[in-house]
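Data block below; observations after.
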Amino acid sequence: MSENANKENDKGTSTGTGTGIGEDFKIIAHITSSTAGSCSGDFHVYRTQRRKEINRLEKLEQEEKETQENNDFIQRREAIILENELKVKKKAEQRKKTKQRKQHSQIRKKLKEAIKEQEEKHKPTTTTSDSQLNNDIQIKTTTN
């Protein structure tokens, strides 16, 4: 046999004699689906494969659970942040309104004071002239 034939044989393929029957085949180790020809070591192989598969499935479930918990956490956190932002915005609007009210009330007070001062300036200084006019009016009405 040549070196190429030996290498192929080591890989598990036949060297092929040209008969056509079973020329190319591969030897597959650790087949667990068939019980024909099983020996005492096959159970241990089966148990190891089963344990690995169960661990793999548990790991997948754990990862899925963690991602779901992370997504839930992110959603809750975003909802809380949004709620806090709304509260802060509402409080800021309330502070702004109270500040405006305070400024407007101060402006109104100043206007009232200015109006009173204007009225006092334009008001006649002598009140006796008013009383004299009233007396004159009463006198005229009694004489008529």
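Derivation of every value follows stated rules applied to the coordinates shown; laboratory data play no part. Every value quoted in this text rests on a predicted model; they were computed, and no experiment measured them. Every residue, glycine among them, receives a Cβ derived from its backbone with ideal geometry; neighbour counts consider all protein chains shown.
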- line: Rounded to the nearest 0.05, FRET efficiency between residue 95 and residue 73 (Cβ-Cβ, R0 25 Å) equals 0.15
- line: Expected sort for 88, 45 with the fewest Cβ neighbours (10 Å cutoff) up front is 88, 45
task: Rank these for me by crowding, 40, 105, going from fewest to most other beta carbons within 10 Å.
output: 40, 105
